[in-house]
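Asker: Below is the structure I would like to discuss, written out as structure tokens.
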Amino acid sequence: MHRDTDVLVVGAGPTGLLLAAELALAGVRTLVLERRCERQANSRALNLHPRSLEILDQRGLADRFLALGRTVPGWQFAAPLTTPLDFSVLNSAHPHALLLSQARTEALLEQRAVELGAQIRRGHTVTDLWQDAAGVSAGVTGPDGHTTVRAEFAVGCDGARSLVRRAAGIAFPGTEETFTAMVGDFADADHSDLQRPRRHGVLVSRLEHGLTRFVVMDPARMRTPSAEPVTLEEFRTALLRACGTDCGVARPRWLSRFGNATRLAERYRSGRLLLAGDAAHIHFPVGAQGLNTGLQDAMNLGWKLAAEVQGWAAPGLLDTYHSERHRVGEEVTARTEAQALLVELPQVEQYRRPARRLCELLDTLLGLDQVNQYLAGLLSALDTAYPPQDPTAHALTGRRIPDIPLTLSADGRRTSVHSLLHDGTMLLLSLADVPDASPCLPSSAVRPRLVRAVTARAHGDEDALLGLTEVLVRPDGHVAWATETKDPRELHAERTHALNSWIHAAK
Ligand SMILES: Cc1cc2nc3c(=O)[nH]c(=O)nc-3n(C[C@H](O)[C@H](O)[C@H](O)COP(=O)(O)OP(=O)(O)OC[C@H]3O[C@@H](n4cnc5c(N)ncnc54)[C@H](O)[C@@H]3O)c2cc1C
């Protein structure tokens with residue numbers, strides 16, 4: 001049967017756009033359908049965390065993002081705490097968060113997806129979706145009326161109320177919203193003493209185009225449902241109550257209410273339908289993890305779905321998307337429930353005093369190096385690892401690989417691990433001269449397009465690769481296999497087994 005595209009991506013938010021770029025990079029025909037006619041001018045998210053910056057770096061894109069934003073050394077674990085997490089101690093080429101509006105992030109991701117050949121059609125709403133043994137069909141309403149699009153797979157990157165999730169029959173269990181907060185972007189605000197609202201737990205950020213963002217929780221209004229619109233008067237009153245001044249806010253450009261509903265899709269895949277981003281997980285936006293988690297879903301899924309479409313995926317590879325990312329979704333939703341409680345309790349009269357004591361205690365703990373290292377590793381997502389099934393696998397298996405400086409043996413050129421991942425292939429990196437065991441790619445298992453084999457010397461003060469003879473890095477920058485053996489026959493056998501367990505040998 002005729003197919004209009006290989007993969008249909010529903011939704012051009014940050015998750016859908018990065019996924020489209022990843023699929024297009026791998027040479028997969030990709031169509032993104034987005035119901036909005038224009039890109040969103042308002043930004044919910046304002047930042048990218050270290051792991052998101054790393055994955056962009058792995059595609060040679062980080063500089064585009066860094067050029068438009070401002071780096072900050074850390075991020076708030078939860079608003080009432082005064083000690084921010086310090087990312088600067090993390091082992092990464094990007095040990096900082098980047099302040100960049102979601103609108104700009106989306107614009108850059110869209111530019112990338114289009115450059116690589118993905119098609120993005122705005123003003124097209126997917127109204128229904130069904131799958132059969134050979135593919136997926138989507139009913140679409142757009143400027144030319146109602147049409148049907150046929151694809152091999154469809155991915156729901158269509159946000160919290162995902163139609164794809166419902167069409168796939170995937171449950172979205174979790175908890176209802178129990179409190180809400182308000183966000184407002186204002187053209188006018190009094191900047192003479194922004195520390196005052198901050199001292200009283202109001203979040204304040206300077207945005208592009210001269211706007212100032214305030215995020216406030218009002219004990220008198222925190223049980224108002226998120227669907228109820230926010231008025232300027234309500235916002236001013238909330239600021240007055242929180243910090244004794246309305247901070248001169250006027251000319252609002254965006255006023256909204258958001259809540260702590262927390263849900264996680266039961267499965268991330270049902271046959272030919274998959275979910276990523278807010279379609280798969282929602283939670284209170286504390287610690288700035290929603291968009292970041294969505295980008296990391298897209299990075300995990302892109303190459304696996306491309307492998308499935310192109311017929312080189314080892315059996316079960318696409319299912320590892322669910323097993324790896326659903327677990328991360330569980331961790332993020334569980335963590336944000338705890339973080340949200342830290343935001344809520346100081347607003348509730350009966351808990352106000354003990355909640356302050358709890359926050360003081362946590363602030364002291366955050367000052368301890370080990371606590372900071374642990375929580376910063378979680379929030380930044382640099383500690384996200386995908387544990388291997390095989391208990392005898394090398395300890396690095398499943399962990400992300402840092403951007404280690406390298407000198408290529410072939411021509412003495414200086415490069416780095418992340419630079420060698422730009423083209424989205426797997427990387428077979430040989431780090432020790434083992435006679436008769438140069439990293440030849442075995443037989444039909446590997447087409448040059450899929451795996452790049454490189455011999456290099458690691459240097460700098462990195463110790464992550466010390467002792468390794470060879471490492472196979474996945475296109476998303478996680479270690480697929482690593483070994484310290486120097487025995488040529490053993491090395492050859494291990495490597496062949498590793499490649500064959502990721503790549504379908506018969507294709
Ligand atoms: C106040 C607030 C602040 C936040 N701050 C942060 C932060 O600092 N950092 C962070 O990481 N996260 C933050 N988040 C969360 C973040 O905004 C979301 O997690 C992120 O937007 C999810 O991206 P997405 O692409 O998965 O979904 P979305 O951004 O929701 O995109 C989904 C897209 O799908 C489209 N769509 C939906 N249905 C259809 C259909 N049937 N047909 C076609 N198109 C469709 C929609 O129009 C939309 O464009 C914040 C959220 C809020 C509310």
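The values are calculated or read from the model by the stated rules, or taken from the named source; none is laboratory data. Just so you know, these numbers come straight off a predicted model, no measurement behind them. No Cβ is skipped: glycine too gets one built from the backbone with ideal geometry, and neighbour counts run over all protein chains shown.
Asker: In the stretch 11-37, which residues are within 11 Å of the ligand (Cβ to nearest atom), touching a Gly at 6+ places or on another chain (Cβ under 9 Å) and assigned to a loop (DSSP other than H, G, I, E, B)?
Answerer: Hits for the stretch 11-37 are G11, G13, R35, R36, C37.
Here's the yes/no breakdown for (1) in contact (Cβ under 8 Å) with a residue 12 or more places away in the chain; (2) among the hydroxyl-bearing types (S, T, Y); (3) more than 19 Å from R165 (Cα to Cα); (4) surrounded by fewer than 24 Cβ atoms within 10 Å (Cβ to Cβ):
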position: L8; (1), (2), (3), (4): yes, no, no, no
position: P14; (1), (2), (3), (4): yes, no, no, no
position: A21; (1), (2), (3), (4): yes, no, yes, no
position: G27; (1), (2), (3), (4): yes, no, yes, yes
position: T30; (1), (2), (3), (4): yes, yes, yes, no
position: E34; (1), (2), (3), (4): yes, no, no, no
position: C37; (1), (2), (3), (4): yes, no, yes, yes
position: N42; (1), (2), (3), (4): yes, no, yes, yes
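Asker: Kindly provide the set of residues from the stretch 210-231 that are away from the ligand (no atom under 13 Å from the Cβ), closer than 20 Å to S43 by Cβ and either touching a residue at least 24 places away in the same chain (Cβ under 8 Å) or part of a strand (DSSP E or B) (or both), ordered by number.
Answerer: Those that are away from the ligand (no atom under 13 Å from the Cβ), closer than 20 Å to S43 by Cβ and either touching a residue at least 24 places away in the same chain (Cβ under 8 Å) or part of a strand (DSSP E or B) (or both): L211, T212, P229.
Asker: Of everything in the stretch 150-181 that's outside any loop (DSSP other than H, G, I, E, B) and surrounded by fewer than 20 Cβ atoms within 10 Å (Cβ to Cβ), which residue is nearest to the ligand (Cβ to nearest atom)? Full working, then the answer.
Answerer: So in the stretch 150-181, the residues outside any loop (DSSP other than H, G, I, E, B) come out as 150-156, 163-167, 174-175, 180-181.
Checking the rest, the ones that are also surrounded by fewer than 20 Cβ atoms within 10 Å (Cβ to Cβ) come to 150, 152, 166, 174-175.
On the way: R150: 16, E152: 19, R166: 10, G174: 15, T175: 17 Å.
Across the stretch 150-181, the extreme among qualifying residues is R166.
Asker: Any residue in the stretch 274-285 that is closer than 24 Å to L341 by Cβ, within 11 Å of the ligand (Cβ to nearest atom) and either outside the structural domain of H326 (by TED's automatic domain parsing) or at pLDDT below 95 (or both)?
Answerer: Within the stretch 274-285, none of the residues are closer than 24 Å to L341 by Cβ, within 11 Å of the ligand (Cβ to nearest atom) and either outside the structural domain of H326 (by TED's automatic domain parsing) or at pLDDT below 95 (or both).
Asker: Please specify each residue of the stretch 372-398 satisfying the condition of being touching a Pro at 6+ places or on another chain (Cβ under 9 Å) and within 19 Å of L468 (Cβ to Cβ).
Answerer: A393, H394, T397, G398
Asker: Right, V230: in the same structural domain as L274 (by TED's automatic domain parsing), more than 24 Å from the chain's Cα centre (by Cα) and surrounded by 20 or more Cβ atoms within 10 Å (Cβ to Cβ) or not?
Answerer: no
Asker: Kindly evaluate S92 against the criterion of being buried (at least 18 other Cβ atoms within 10 Å of the Cβ) and over 19 Å from A276 (Cα atoms). Please lay out each step first, then the result.
Answerer: Values: buried (at least 18 other Cβ atoms within 10 Å of the Cβ): yes; over 19 Å from A276 (Cα atoms): yes.
Criteria met by S92.
Asker: Can you say whether R352 is among the basic types (K, R), assigned by TED's automatic domain parsing to the domain that holds I55 and either buried (at least 18 other Cβ atoms within 10 Å of the Cβ) or within 14 Å of the ligand (Cβ to nearest atom) (or both), as far as the supplied structure shows?
Answerer: no
Asker: Okay, next question. Take A242 and tell me if it is out of contact with any Phe, Trp or Tyr (no Cβ under 7 Å at 6 or more places or on another chain) and either more than 15 Å from the ligand (Cβ to nearest atom) or closer than 30 Å to V7 by Cβ (or both). Quick ask: steps written out before the conclusion?
Answerer: Values: out of contact with any Phe, Trp or Tyr (no Cβ under 7 Å at 6 or more places or on another chain): yes; either more than 15 Å from the ligand (Cβ to nearest atom) or closer than 30 Å to V7 by Cβ (or both): yes.
Yes; evaluated as a whole, the condition is true for this residue.
Asker: Here is a further query. Would it be correct to say that G424 is in a loop (DSSP other than H, G, I, E, B), in contact with a Leu (Cβ under 7 Å, 6 or more places away or on another chain) and at pLDDT 70 or above? Walk me through it before giving the result.
Answerer: Working: in a loop (DSSP other than H, G, I, E, B): yes; in contact with a Leu (Cβ under 7 Å, 6 or more places away or on another chain): yes; at pLDDT 70 or above: yes.
So G424 fits the description; yes.
Asker: Looking at the structure I just gave you, is A432 modelled with pLDDT of 80 or more and under 18 Å from K486 (Cβ atoms)?
Answerer: It is false that A432 is modelled with pLDDT of 80 or more and under 18 Å from K486 (Cβ atoms).
Asker: Output the qualifying pairs, or none if there are none: Cβ atoms under 7 angstrom, residues six or more apart or on different chains, first residue in the stretch 345-367 and over 13 Å from F77 (Cα atoms) and modelled with pLDDT under 95, second residue assigned to a helix (DSSP H, G or I) and among the charged types (D, E, K, R).
Answerer: P346/R352; P346/R356
Asker: Sticking with this one: Among the residues of the stretch 131-151, is there at least one that is in contact with a helix residue (DSSP H, G or I) (Cβ under 8 Å, 6 or more places away or on another chain) and among the hydroxyl-bearing types (S, T, Y)?
Answerer: no
Asker: If you don't mind, another one. Out of the stretch 68-106, which residues are in contact (Cβ under 8 Å) with a residue 60 or more places away in the chain, within 13 Å of the ligand (Cβ to nearest atom), within 17 Å of the chain's Cα centre (by Cα) and not in a strand (DSSP E or B)?
Answerer: Once the filter is applied, which keeps residues that are in contact (Cβ under 8 Å) with a residue 60 or more places away in the chain, within 13 Å of the ligand (Cβ to nearest atom), within 17 Å of the chain's Cα centre (by Cα) and not in a strand (DSSP E or B), the stretch 68-106 yields S101, Q102, A103, R104, T105, E106.
Asker: So, one more: Restricting to helices (runs of 4 or more DSSP H) lying wholly in the stretch 312-402: which have 2 or more residues that are of a type in the set (D, E, K, R)?
Answerer: Result: 319-344, 352-366.
Asker: Failed condition for E330, given (1) surrounded by fewer than 16 Cβ atoms within 10 Å (Cβ to Cβ); (2) within 24 Å of N292 (Cα to Cα); (3) not assigned by TED's automatic domain parsing to the domain that holds L90, with all others met?
Answerer: Here E330 meets the rest and fails (3).
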